[in-house]
1. Identify, please: which residue in region 166-181 is without any contact (Cβ under 8 Å) to a residue 60 or more places away in the chain and part of a helix (DSSP H, G or I) and is, among those, nearest to residue 109 (Cα to Cα)?
2. Restricting to region 102-137, name every residue that is among the charged types (D, E, K, R) and buried (at least 16 other Cβ atoms within 10 Å of the Cβ).
3. When you look at residue 139, is it outside any loop (DSSP other than H, G, I, E, B) and over 30 Å from residue 64 (Cα atoms), yes or no?
4. Report, ordered by the first and then the second residue, all pairs with beta carbons closer than 7 Å, sequence separation of six or more or different chains, a first member in region 1-16 that is modelled with pLDDT of 75 or more, and a second member that is part of a helix (DSSP H, G or I).
5. Out of (1) buried (at least 18 other Cβ atoms within 10 Å of the Cβ); (2) touching a residue at least 24 places away in the same chain (Cβ under 8 Å); (3) part of a helix (DSSP H, G or I), what's the single condition that is false for residue 154?
6. Name the pairs: first residue in region 117-130 and without any contact (Cβ under 8 Å) to a residue 60 or more places away in the chain and more than 30 Å from residue 152 (Cα to Cα), second residue surrounded by 10 or more Cβ atoms within 10 Å (Cβ to Cβ) and not charged (D, E, K, R), Cβ to Cβ under 7 Å, at least 6 apart or on different chains?
7. Go through region 103-136 and count every residue that is farther than 22 Å from residue 192 by Cα and in a helix (DSSP H, G or I).
8. Take residue 120 and tell me if it is of a type in the set (A, V, I, L, M), out of contact with any helix residue (DSSP H, G or I) (no Cβ under 9 Å at 6 or more places or on another chain), at pLDDT 85 or above and within 20 Å of residue 93 (Cβ to Cβ).
Amino acid sequence: MIGKLHHWLEGALITVGLFVLFGIVSVLLPDWLVNGWLDRIGIVLGVVLALPVFWTAYQVSWGQQRRLKKQFREISQNPGARPTILIVDLLPGRDTRHQVENYRRQQEALRDIPAEHVLVVSRDERLHPDDIPQLQQELREASRALMQSGTDRIHLFLAAPVAAAAMVGAEFANMPVNIYQYDKGNYVSYGYLRL
């Protein structure tokens, strides 16, 4: 985005510079030449040079959003060459793995992921602050196992408190993680943790 903004500013500076140049030249030249020819040339050049500036402004503001939406759709439909499903279930009394397995069977993109590429980090008890070091260790071990297996994309299903969700995000930030949210009885892909 900074590159496009740079191009936009560059175009704006060129346009302003040409207007200043024509202003200086118009003072030095005879009146018939300025009002006759240079005035018309200046108007045409101003319009022609303004078009790329407006086009760049459009691309910076709306074009990038459109490209990100398109990229998100493509990512959501492509599971990856060596995908892994990571289920982090830290809420007691919920069996997230069975819900994820049911969802996985319905999704063509996730159905073909082998069972050995489904990794589960879970707890049967409520998460307390004293459990955080052990949870961090489990997440690091899971991250290490995923890297050693050559995983190129993680499909994350998370049922956890916010603190644990932040830890999961921090631990897996250097890998492509596709996040799924449970919504109205079904999971929905919310795209990547980081594009």
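1. Filtering first and then ranking leaves 169.
2. First pass over region 102-137, keeping only residues among the charged types (D, E, K, R): 104-105, 108, 111-112, 116, 123-126, 130-131.
The answer is 104, 123.
3. So residue 139 passes the test.
4. 11/52; 11/53; 11/56; 12/53; 14/49; 15/49; 15/50; 15/53
5. For residue 154, the failing item is (3).
6. The qualifying pairs are 125/92; 126/92.
7. Qualifying residue count, region 103-136: 9.
8. Values: of a type in the set (A, V, I, L, M): yes; out of contact with any helix residue (DSSP H, G or I) (no Cβ under 9 Å at 6 or more places or on another chain): no; at pLDDT 85 or above: yes; within 20 Å of residue 93 (Cβ to Cβ): yes.
Here the answer is no, as residue 120 does not meet what is asked.
The values are calculated or read from the model by the stated rules, or taken from the named source; none is laboratory data. Note that the coordinates shown come from a computational prediction; the quantities given were computed from them, not determined experimentally. All Cβ positions, glycine included, derive from the backbone under ideal geometry; neighbour counts span all protein chains shown.
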